[in-house]
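As structure tokens, the structure follows; a few thoughts come after it.
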Amino acid sequence: MTNSSVTRADFDNYIVPVYSPASFIPVKGQGSKVWDQQGKEYIDLTGGIAVNVLGHSHPALIEALNEQAHKLWHISNVFTNEPALQLAKKLIEHTFADRVFFSNSGAEANEAALKLARRYAYDLYGEQKYEIISALNSFHGRTYFTVSTGGQAKYSKGFGPRIEGISHVPYNDLAAMEAAISDKTCAVILEPIQGESGVLPADQAYLEGVRALCDKHNALLIFDEVQTGMGRTGKLFAYMHYNVIPDILSNAKCLGGGFPIGAMLTKEHIAQHFSTGVHGTTFGGNPLACAVANKVFDIVNSAETLAHVAQSRTLFQQALETIGKTYNIFSEVRGKGLLIGCVLTPQWQERTADIIKAAAEEGLMLLQAGPHVLRLAPSLIIEEQDIIEGVKRLEQAISKLL
Ligand SMILES: *Cc1c(COP(=O)(O)O)cnc(C)c1O
């Protein structure tokens, strides 16, 4: 038991109430296990919302962080730094991209992507080409530009005038995209798998069709891979499953394995429109973050880790489908790799929060995605016994709700 002088009640007294955290306070993590203030153990299938790609307290990440902590913490972008350059080279060597811009979060990576797309169109085609098309139910972050771009009114309403020139179309509906796109469109932004709104993958023909429409109208295609990138889906980036190449890609969640960092990747001819002084950030490309992300990259981008993602998915898929049938609770188990969405059947759809609460009581941390989907986004190196135990605890939780 930790000798703590703070409790969950302090959250309600001191923190701006934009969150509604669980009733327990985690204090320690190891691999895919977490312990709370009372010493109770949990299997963590949330991965800090698809972030802790190598679980908790991975020794190689601790070492990378410690080593860098003794050298240089922060230096600003008035100077460049070795970890940032090393990480940039790795990202470029293994993707479509020629250039990287580092940020601290997913929203900032998208903010950079959207600003770059507008600047590129402005420079090449003039000031009337600024329209952005996004998908309904999409999520792109919480800055003003990214909530305006995201396709969920509940996140963008009530903050004054919307940013002009953004429209939203139904996801996976190529005809709707074709009707919306024009020569005034500067960019289309899509998640290859819609994460926050329910772990919904794009259809192959949809992404191929959108790519062709963007080319026809000289619009840039932005893939928001903040959630799907860095091994989460079993490939380094989700676009690699589809073989549809974006012009700009954003990534963040998995990139630092829990240390805050984001990145925007793009092609040379586009990157040149972010010339010196046009955009920037104080912390982006911070040496501590990049040192950790370098290590994350090396471990994730290995045949062994990516094969483990596929094997773990098979195990989860079978177990979750079995539970789904036994309790008539899941209509579908979807997503790719270790981004898993369990779609609740109508009779369970009002009980998402109850399931998550009951799971916590059994010692299991789970996520929600959209109103009716349980989301699992565990460590990419989760051990088989933790998968088995986690699924067992899920079943116990469900059986208590019957
Ligand atoms: C989480 C997420 C973001 C926002 O990232 P933050 O780091 O919270 O700013 C943007 N896009 C997608 C697809 C995400 O899943």
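Can you tell me which residue among Val226, Val199 is at pLDDT 95 or above, within 22 Å of Lys336 (Cα to Cα) and open to solvent by less than 10 Å² (accessible area, probe 1.4 Å)? Explain how you work it out, then say what you get.
Numbers: Val226 fails: open to solvent by less than 10 Å² (accessible area, probe 1.4 Å).
From the options Val226, Val199, the qualifying one is Val199.
Test of understanding: among Ser138, Ser148, which residue is open to solvent by less than 10 Å² (accessible area, probe 1.4 Å), over 18 Å from Leu249 (Cβ atoms), within 16 Å of the ligand (Cβ to nearest atom) and in contact with a helix residue (DSSP H, G or I) (Cβ under 9 Å, 6 or more places away or on another chain)?
Result of the check over Ser138, Ser148: Ser148.
Picking from Leu220, Leu236, Leu306, Leu320, which residue would you name as being away from the ligand (no atom under 16 Å from the Cβ), under 19 Å from Arg375 (Cβ atoms) and of a type in the set (A, V, I, L, M)? Steps first, please.
Details: Leu220 fails: under 19 Å from Arg375 (Cβ atoms); Leu236 fails: under 19 Å from Arg375 (Cβ atoms); Leu306 fails: under 19 Å from Arg375 (Cβ atoms).
Exactly one residue qualifies, and that residue is Leu320.
Mind listing whichever residues of segment 13-33 are open to solvent by 60 Å² or more (accessible area, probe 1.4 Å) and within 22 Å of Pro378 (Cα to Cα)?
Across segment 13-33, the qualifying residues are Tyr19, Ser20, Ser23, Pro26, Val27, Lys28, Gln30.
Quick test for you: out of Asp36, Asp44, Asp10, pick the one residue that is modelled with pLDDT of 95 or more, under 20 Å from Leu339 (Cβ atoms) and open to solvent by less than 80 Å² (accessible area, probe 1.4 Å). Outline the logic, then answer.
Details: Asp36 fails: under 20 Å from Leu339 (Cβ atoms); Asp10 fails: under 20 Å from Leu339 (Cβ atoms).
After ruling out the rest, the residue left standing is Asp44.
Give me the pairs: first residue in segment 293-317 and acidic (Asp, Glu), second residue open to solvent by 40 Å² or more (accessible area, probe 1.4 Å), beta-carbon distance under 8 Å, and six or more apart or on different chains, which are they?
Here the result reads Asp298/Lys90, each pair linking segment 293-317 to a residue that is open to solvent by 40 Å² or more (accessible area, probe 1.4 Å).
Just to be sure before I move on: is Arg99 touching a helix residue (DSSP H, G or I) at 6+ places or on another chain (Cβ under 8 Å) and open to solvent by 80 Å² or more (accessible area, probe 1.4 Å) in the structure I sent? Reasoning before the result, please.
Values: touching a helix residue (DSSP H, G or I) at 6+ places or on another chain (Cβ under 8 Å): yes; open to solvent by 80 Å² or more (accessible area, probe 1.4 Å): yes.
So Arg99 passes the test.
From the list Lys129, Lys157, which residue is more than 25 Å from Gly258 (Cα to Cα), more than 16 Å from the ligand (Cβ to nearest atom) and crowded, with 18+ Cβ neighbours inside 10 Å?
Just a single option satisfies the conditions, and that option is Lys129.
Could you list, in sequence order, the residues of segment 177-193 that are more than 16 Å from the ligand (Cβ to nearest atom) and part of a loop (DSSP other than H, G, I, E, B)? Explain how you work it out, then say what you get.
Initially, segment 177-193 is screened for residues more than 16 Å from the ligand (Cβ to nearest atom), giving 177-186.
Listed by number, the residues that qualify are Ile181, Ser182, Asp183, Lys184.
Looking only at segment 245-272, count how many residues are more than 13 Å from the ligand (Cβ to nearest atom), surrounded by fewer than 24 Cβ atoms within 10 Å (Cβ to Cβ) and part of a loop (DSSP other than H, G, I, E, B).
The qualifying residues number 3.
Exactly one of these conditions fails for Leu207: (1) part of a loop (DSSP other than H, G, I, E, B); (2) of a type outside the set (Val, Ile, Thr); (3) closer than 25 Å to Arg118 by Cβ; (4) within 16 Å of the ligand (Cβ to nearest atom). Give me its number.
Single failed check for Leu207: (1).
Could you run through segment 23-59 and say how many residues are at negative phi, in contact (Cβ under 8 Å) with a residue 24 or more places away in the chain and part of a loop (DSSP other than H, G, I, E, B)?
Residues flagged as at negative phi, in contact (Cβ under 8 Å) with a residue 24 or more places away in the chain and part of a loop (DSSP other than H, G, I, E, B) within segment 23-59 amount to 13.
Scan segment 103-124 and tell me whether some residue there is more than 26 Å from Pro260 (Cα to Cα), within 16 Å of the ligand (Cβ to nearest atom) and either open to solvent by 20 Å² or more (accessible area, probe 1.4 Å) or of a type in the set (A, V, I, L, M, F, W, C) (or both).
No: zero hits.
Could you check, for segment 161-177, whether at least one of its residues is more than 25 Å from the chain's Cα centre (by Cα), modelled with pLDDT under 95 and open to solvent by 30 Å² or more (accessible area, probe 1.4 Å)?
Within segment 161-177, one or more residues are more than 25 Å from the chain's Cα centre (by Cα), modelled with pLDDT under 95 and open to solvent by 30 Å² or more (accessible area, probe 1.4 Å).
Write out, first by first residue and then by second, each pair whose Cβ atoms fall under 6 Å of each other, whose residues are 6+ apart or on separate chains, and whose first residue, in segment 236-252, is over 20 Å from Val51 (Cα atoms) and modelled with pLDDT of 95 or more while the second is part of a strand (DSSP E or B) and among the hydroxyl-bearing types (Ser, Thr, Tyr).
Ile248/Thr266
For segment 297-402, list the strands (runs of 3 or more DSSP E) that sit wholly inside it and hold at least 3 residues that are surrounded by fewer than 21 Cβ atoms within 10 Å (Cβ to Cβ); which are they?
Counting at least 3 such residues, we get 330-336.
The values are calculated or read from the model by the stated rules, or taken from the named source; none is laboratory data. Remember, predicted model here, so these are calculated numbers, not experimental data. Here Cβ is always computed from backbone atoms with ideal geometry, including for glycine, and neighbour counts include all displayed protein chains. Calculation scope for accessible area: heavy atoms of the full protein, side chains included, ligands and nucleic acids excluded. Shrake-Rupley method; radii C 1.70, N 1.55, O 1.52, S 1.80 Å.
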